[in-house]
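The values are calculated or read from the model by the stated rules, or taken from the named source; none is laboratory data. Source: prediction; values computed, not measured. Using ideal geometry, Cβ is built from the backbone for each residue, glycine included, and neighbour counts are taken over all protein chains shown. The accessibility values were calculated without ligands, DNA or RNA, using every heavy atom of the protein model including side chains. Shrake-Rupley method; radii C 1.70, N 1.55, O 1.52, S 1.80 Å.
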Amino acid sequence: MSEDWGHFDEDLERARVAWLYFIGGQTQQEIAQRMNITRLKVNKIIGQVRESGSVQVNVSLPLTDCIELAEKVSARYGLVDAVVVPDLDDYLEQKRVIGEAAGSLASDLIEGRDMGVGIGSGRTLSFAVRSLRARPKSESWVVGLTGGVTSGSATNTFEVATAFARALDVECHYLTAPIYCANPESRNALLLNDELTDVLARTEIADIGIVSCGALAQDTSLTQIRVVKDNLDAVLKSGAVGEFMGWFLDARGQAIDHFLNDSIIALPPDKLKLKPISVLVSGGIRKIPIIRAILRAGYVNRLVTNEGVARALLQGPR
């Protein structure tokens, strides 16, 4: 974890406590439960903020705007929680900051628990491992929520899930199949394999799902898969605004009618929706349509994103 991130993490926690207490009107106990920290720590932060003179008419701490945006997005889309990080000009740095914020959030959710942790793929999620500091109970495990792509990279679901499992010091399970089969018949044939169906069942019973999403641009890892590349125009004409765990969704968050959605090896979004904890980790302006679609459909109950996306989500119809 970088030193800069350590300072950012502390500022984020202080700003969140201050905003919820002084502006949001929540009690110290409510804040402690919401943020999964002790009431004593909440009390200590509030005292420090008071003594520092940071509280006037408004909370004048760094990131307060982000905290307020997160609260508004949560309220608009019925989320349990949201984290909004500052906008950065550098595309990769933006992914890093979002990912590390997600790692910090995940740590609070996983710490000390006996959990099945479902992990998606993508560069943003690969950065989350840097700030993952949780120690779950030894019976916990990690499972990849999607099949993989044929070319290896640090953003492949296999690598991301492995990195999470190592950081948490628990066992890992993989959907050892391509994310897309050639056709629905090929998918059905693969699912005759008992070990694969056992792992698919594990994706459903995982307590938490940490996932990302993608725009349908020509330069993404998913759109470079041959079967996707060959059908991308048809997918777009069918109304898809992006992909979510490999599923192609329309603006309402519904899976489009295309054979790729019938040929996929991945947890269905409706199954993610049933999990007690589901976190969407994604940002960047070109992902706004798919992020909005996912939130509209209610597939996740937590969001980690950047300011520009959060502001866009608050504009126009829900």
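Pairs are defined by a Cβ separation below 8 Å, a sequence spacing of at least 6 or placement on different chains, a first member in the range 290-318 that is over 24 Å from Arg96 (Cα atoms) and small (Gly, Ala, Ser), and a second member that is part of a strand (DSSP E or B) and modelled with pLDDT of 95 or more; the pairs so defined are Ala297/Leu249.
Assess whether Ala134 counts as being open to solvent by less than 10 Å² (accessible area, probe 1.4 Å), part of a loop (DSSP other than H, G, I, E, B) and of a type in the set (A, V, I, L, M). So Ala134 fits the description; yes. For the range 248-278: of the residues being under 15 Å from the mean Cα position of the chain (by Cα) and part of a strand (DSSP E or B), which is farthest from Gly298 (Cα to Cα)? Across the range 248-278, the extreme among qualifying residues is Ile277.
Within the option set Glu100, Glu51, being at pLDDT below 95, touching a Lys or Arg at 6+ places or on another chain (Cβ under 6 Å), part of a helix (DSSP H, G or I) and among the charged types (D, E, K, R) holds for one residue only, Glu100.
Applying a threshold of 6 Å to beta carbon distances and a minimum spacing of six or more residues, or different chains, the list of pairs starting in the range 191-212 at a residue that is in contact (Cβ under 8 Å) with a residue 12 or more places away in the chain and ending at one that is assigned to a loop (DSSP other than H, G, I, E, B) and basic (Lys, Arg) reads Gly209/Lys275. If you go through the range 137-151 and pick out every residue that is out of contact with any helix residue (DSSP H, G or I) (no Cβ under 7 Å at 6 or more places or on another chain) and either of a type in the set (A, V, I, L, M) or open to solvent by 10 Å² or more (accessible area, probe 1.4 Å) (or both), you end up with 7.
Within the range 214-247, the residues that satisfy the criterion of being in a loop (DSSP other than H, G, I, E, B) and in contact with a helix residue (DSSP H, G or I) (Cβ under 8 Å, 6 or more places away or on another chain) are Ala215, Leu216, Ala217, Gln218, Val241, Met245, Gly246.
Is the range 54-73 home to any residue that is of a type in the set (Gly, Ala, Ser), open to solvent by less than 40 Å² (accessible area, probe 1.4 Å) and at pLDDT below 90? Taking every residue of the range 54-73 in turn, at least one turns out to be of a type in the set (Gly, Ala, Ser), open to solvent by less than 40 Å² (accessible area, probe 1.4 Å) and at pLDDT below 90.
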